[in-house]
1. What does the charge add up to near residue 97, with Lys and Arg as +1, Asp and Glu as -1, over the other residues with Cβ less than 12 Å from its Cβ?
2. Around residue 35, under 14 Å between beta carbons, what's the net of Lys plus Arg minus Asp minus Glu among the other residues?
3. Pick out, in residue order, every one of the trypsin sites (Lys or Arg not before Pro) in region 68-108 that is DSSP loop and has at most 13 other C-beta atoms within 10 Å; say none if there are none.
4. Using only alpha carbon pairs under 8 Å that are at least six residues apart, calculate the relative contact order of the chain and give it in whole percent.
5. So if I take the centroid of the Cα atoms in region 1-54 and the same for region 84-114, what is the distance between those two points in Å?
6. Using only the Cα atoms, work out Rg/Rh for region 1-115, with Rh taken as the Kirkwood radius, to two decimals.
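Computed from the coordinates by the stated procedures, all read-outs in this text should not be read as laboratory data. Every value quoted in this text rests on a predicted model; they were computed, and no experiment measured them. Every residue, glycine as well, gets a Cβ built from its backbone with ideal geometry; the counts of neighbours run over all protein chains shown.
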Amino acid sequence: MWFFGVAMIEIFAIVVLCVVVVVLYLRLNYVEGKLSDTLSRKQSQSTRYGQIFEQMVPFSKDFPYDSKKFRFIGDPIDGVVFDDDKIVFCEIKMNKSVLSPRQKSIKKMVDDKRVYWKEIRGQIS
């Protein structure tokens, strides 16, 4: 008879442990979802701050060119400075942000001197 009592206690303990595991699993999923949502909002906020920062930098005293000669493009690069003796492609980054693959490609084209002038004319009949 005592064997039946021990078996019931073991079964009860296993059921309790299974319930605890399920509760912990559900709680972990909930916390992971909250963390993912928080990280997403933080990234979105960082992106917005970066976009605001990009548009303000040309007007700061630390901008190395005349802000009146800067033209904002936005994508795929932030802008272009049309200086008196040169043209400068500008990409403004904040904190740890890095060039996108497209921006790296554009930088390589500029570095390789694969930038050209093309005049295109149209006619209105």
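1. On the way: positive: 93, 96; negative: 54, 78, 91.
In short, -1.
2. Values: positive: 27, 34, 41, 42; negative: 32, 37.
Neighbour charge sum, excluding residue 35 itself: +2.
3. Numbers: sites: 68, 69, 71, 86, 93, 96, 102, 104, 107, 108; in loops: 86, 93, 96.
Those satisfying the criteria are 86, 96.
4. Working: 55 pairs, mean separation 14.6, N = 125.
12 percent.
5. Answer, in whole Å: 44.
6. On the way: Rg = 28.9 Å, Rh = 19.3 Å.
Reported Rg/Rh, Kirkwood definition of Rh: 1.50.
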